[in-house]
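The values are calculated or read from the model by the stated rules, or taken from the named source; none is laboratory data. Worth saying up front: this structure is predicted, and the values here are computed from it rather than measured. Don't worry about glycine lacking a Cβ; one is built from the backbone with ideal geometry, like all the others, and counts go over all protein chains shown. Note: accessible area is taken over every heavy atom of the protein model, side chains too, but ligands, DNA and RNA are not part of it. Shrake-Rupley method; radii C 1.70, N 1.55, O 1.52, S 1.80 Å.
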Amino acid sequence: RIEALVAYLQHVQHISYERLQQMMAQLFGLEISQGAIANIVRRVSQSLQSRAGQIRESIRASPVIGCDETGARVDGNNQWHWVFETSQASFHLIADSRGSRVIKDVLGDVKPQVWVSDCFSAQIKAPAQRRQLCMAHQLRDLEYGIEAESCSFCRRMQHLFRRAIRLDACRDELPEYLFAAQVRGVEAACDALLGAEARDENGRRLQKRYRKHRDSLFTFLYREDVPADNNASERALRKPVVHRKVSGGFRSKWGAEAYATVATVLQTANKNGHDAFETLTEALGPSIDDSLLLQRT
């Protein structure tokens, strides 16, 4: 439980080795060196590796996968923190590349039915039967065009995307035939907007994007298991970003790998209603048998 507590405070509460050393001494009377803390973190991550591998396989088997990435610092160098998301699991990976090869390394020969992401080139290259562009990203980009140029195309396209999102939200309240008719109306309105040339610079830029990715705009209206946005992946990266800002980055490659392993297991546990600290204590094995303590006393 001491090792679980150290791992919990270091990973979940983002407490540095130096502060963690002071805390253990002042609160629990436990003198422990920073090197010992590092060894605990390493042992904990090794204990969780098999679980992380199982989570990766569950991600690979999912028909719908979301993905995102953010910057990371490892041994003074810029790297990238990736997350692969489903409704039940999160797989974290810190790599030296932001390229599509990272996705290929994780997926292998697997080709998911739907890939949910932003428009970054590596994400667009991910192997998938269909795609869903993040509507939240598109709404923000369109808002910029509205504020910068009062762009008519941006305003009308933003209105259409919001209409589609509202339609998805009330899917269960509408008869199937009426929902299908509304979807056809959204598709027709989109084709009309993309068929007429936009006048403003931002409008033309975004119109070109949506013409290119026309088939990836409204996948969520045809499948209930596909979200309209990639917010789940962005939320999964919030704690790693906080950890990066608090710690300044990882001093070693193994430290980065350890963090990604623990993040994979704990975020997946949280999605399934399990407490982080209890997950760690269970994974590290049972505590000392109370009967042994009684015998010693």
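So the values come out like this:
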{"read-out": "Mean accessible surface per residue for the range 122-266, computed with a 1.4 Å probe while every protein chain stays in place, in Å²", "value": "54"}
{"read-out": "Met23 accessible area, 1.4 Å probe, all protein chains in place, Å² to nearest 10", "value": "50"}
{"read-out": "Accessible area of the range 1-94 belonging to carbon and sulfur atoms, whole % at 1.4 Å probe", "value": "45"}
{"read-out": "Where His274, His14 fall by accessible area, highest first, once all protein chains stay in place (1.4 Å)", "value": "His274, His14"}
{"read-out": "Cβ-isolated cysteines (cut-off 4.7 Å), the chain", "value": "Cys67, Cys119, Cys134, Cys170, Cys190"}
{"read-out": "With all protein chains modelled, accessible area of Ser150 [1.4 Å, Å²]", "value": "80"}
{"read-out": "Candidates Gly273, Gly66, Gly108, ranked by Gaussian network fluctuation over the chain, Cα under 10 Å, top entry", "value": "Gly273"}
{"read-out": "Quarter of Cα convex hull surface for the range 195-286, i.e. mean projection, nm²", "value": "10.6"}
{"read-out": "Listed residues Ala148, Ala25, Asn78: farthest to the positive end of the dipole of the chain (Cβ charges)", "value": "Ala148"}
{"read-out": "Solvent-accessible area of Phe277 with every protein chain in place, 1.4 Å probe, in Å² to the nearest 10", "value": "40"}
{"read-out": "Where N is the number of residues in the chain, Cα Rg divided by 2.2 N^0.38 Å", "value": "1.22"}
{"read-out": "Counting DSSP beta bridges with both ends in the chain, the antiparallel % (nearest 5)", "value": "65"}
{"read-out": "Rg over Rh [alpha-carbon atoms, Kirkwood Rh] for the range 77-220", "value": "1.02"}
{"read-out": "Most positive-pole-ward Cα, Ala192, Leu217, Gly248, against dipole of the range 183-268 from beta carbon charges", "value": "Gly248"}
{"read-out": "Solvent exposure, largest accessible area first (probe 1.4 Å, DNA, RNA and ligands not counted), of Lys104, Lys125", "value": "Lys125, Lys104"}
{"read-out": "Cα-based reach from Lys245 at 21 Å (exclusive), listing lysines while leaving out same-chain residues under 8 positions away", "value": "Lys253"}
{"read-out": "Exposed GluC sites (Glu not before Pro) absent: longest stretch of the chain, with sites in DSSP loops and at most 13 other Cβ within 10 Å deemed exposed", "value": "32-196"}
{"read-out": "Probe 1.4 Å, all protein chains present, accessible-area order of Phe179, Phe28, largest first", "value": "Phe28, Phe179"}
{"read-out": "Two-decimal log10 I(q)/I(0) for the range 28-83, as the Debye equation yields it once each C-alpha is a single scatterer, q = 0.13, 0.27, 0.31 Å⁻¹", "value": "-0.60, -1.05, -1.07"}
